[in-house]
Amino acid sequence: MGGFVALVGAGPGDPELITVKGLRRLSSADVVVYDALVHPDTLALARPAAELIAAGKRGGKPSARQEWINATLIEHAKAGKFVVRLKGGDPFVFGRGGEEAEALTAAGVPWEVVPGVSSAIAAPAYAGVPITHRDAASSVAFITGHEKPGRAESRVNWAALAQGIDTLVFLMAVGRLEHIAAQLIAHGRPADTPAVIVRSATTSEQATVAGTLATIAERAATAGLSAPATLVVGAVARLHDELRWFNAEPSAVLAWASARAVPVTSL
Ligand code: SAH
């Protein structure tokens, strides 16, 4: 019998933010092909007998690596294995999940996608920034800070983003903050628009830097903010001051909630 591939979102960082369905798939897979951003505690939820394959470190060029990943998924599925392709956040949000699904379809391998909590949503949430708000934001866009290398013209429509969308969430934004802020200001977004950048959201390493389009790049550089980080721009970013709630230290309330929780193993 042929195998199967589940493209599973592992969530943004905190291993508890995987879905119940994703966890079930992970705990029954024969082979788990995982990305660099997946937390070791998440991998520990795989069957002890499962073969774990790191997808983050192979190959020189990113394209060679992607071909190798596609081939690995196809090879194990064709050998009759149940393969989980475990990806950070959501597989179809800047995760190359679409390319993998196309490769599997072309190879005749059956597959499914188990959505995950994207860092595009979780990073703002953990910084106390609601990406929509009845008083401040009716639209939101997710944008890559790094476009496919070699593309002659930017596919990002800066004027449309700057003027037409209330909340802008940039992934892969570290190292591109100056460029992003300059483009938005040049295309009509006020320089005093609030902005927050969140690193390693949902983990004990979470850090945030707040400012405006005019100041955010310099403040992030001063703070030495490193990847992975997500940038939120728009009026809602101002709420960070008032609504920041996440403390990497476990709180008494959370300890109480965890103590009452159903053990993961019995889900
Ligand atoms: N599929 C993933 C995104 C992969 S692209 C998702 O849905 O979350 C990788 C980018 O995601 C990083 O450059 C960063 O911008 C963002 N990211 C991933 N984990 C993050 C985290 N814990 N905190 C903040 N941003 C994160």
- Top-ranked residue of region 111-128 - restricted to ones that are within 12 Å of the ligand (Cβ to nearest atom) and part of a loop (DSSP other than H, G, I, E, B), ranked as nearest to ALA207 (Cα to Cα): ALA127
- When restricted to GLY234, GLY188, GLY150, the only residue at positive phi, modelled with pLDDT under 95 and more than 16 Å from the ligand (Cβ to nearest atom) is GLY150
- Message: Can you tell me which of (1) in the same structural domain as ILE180 (by TED's automatic domain parsing); (2) surrounded by 20 or more Cβ atoms within 10 Å (Cβ to Cβ); (3) more than 22 Å from PRO12 (Cα to Cα) is the one VAL129 doesn't meet?
- Response: (3)
- Please find, among ALA29, ALA46, ALA36, the residue that is within 15 Å of the chain's Cα centre (by Cα) and in a loop (DSSP other than H, G, I, E, B). ALA36
- Given the conditions (1) touching a Gly at 6+ places or on another chain (Cβ under 8 Å); (2) open to solvent by 50 Å² or more (accessible area, probe 1.4 Å); (3) part of a strand (DSSP E or B), which single one is not true for PHE142? (1)
- Confirm whether VAL156 is more than 12 Å from the ligand (Cβ to nearest atom) and closer than 18 Å to VAL33 by Cα. no
- Message: Please verify whether VAL174 is closer than 18 Å to ALA237 by Cα, in a strand (DSSP E or B), within 16 Å of the ligand (Cβ to nearest atom) and outside the structural domain of VAL83 (by TED's automatic domain parsing), treating the condition exactly as stated.
- Response: no
- Among (1) open to solvent by 50 Å² or more (accessible area, probe 1.4 Å); (2) within 14 Å of the ligand (Cβ to nearest atom); (3) at negative phi, the one test that GLU51 misses: (2)
- Among the residues listed as GLY80, GLY98, GLY108, the single one being surrounded by fewer than 21 Cβ atoms within 10 Å (Cβ to Cβ), over 18 Å from GLY2 (Cα atoms) and more than 8 Å from the ligand (Cβ to nearest atom): GLY98
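So that you can scan it fast, the table gives a plain yes or no per residue for (1) crowded, with 19+ Cβ neighbours inside 10 Å; (2) near the ligand (Cβ under 8 Å from one of its atoms):
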position: ILE197; (1), (2): yes, no
position: THR203; (1), (2): no, yes
position: THR208; (1), (2): yes, no
position: LEU213; (1), (2): yes, no
position: ILE216; (1), (2): yes, no
position: GLY224; (1), (2): no, no
position: THR230; (1), (2): yes, yes
- Tally of residues being within 14 Å of the ligand (Cβ to nearest atom) and touching a helix residue (DSSP H, G or I) at 6+ places or on another chain (Cβ under 6 Å) across region 54-77: 1
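The values are calculated or read from the model by the stated rules, or taken from the named source; none is laboratory data. Please read all numbers here as calculations on a predicted model, not as lab measurements. Positions of Cβ are generated from backbone atoms using ideal geometry, with glycine treated the same way; all protein chains shown enter the neighbour counts. Side chains are part of the model used for accessible areas, which takes the heavy atoms of the whole protein and leaves out ligands, DNA and RNA. Shrake-Rupley method; radii C 1.70, N 1.55, O 1.52, S 1.80 Å.
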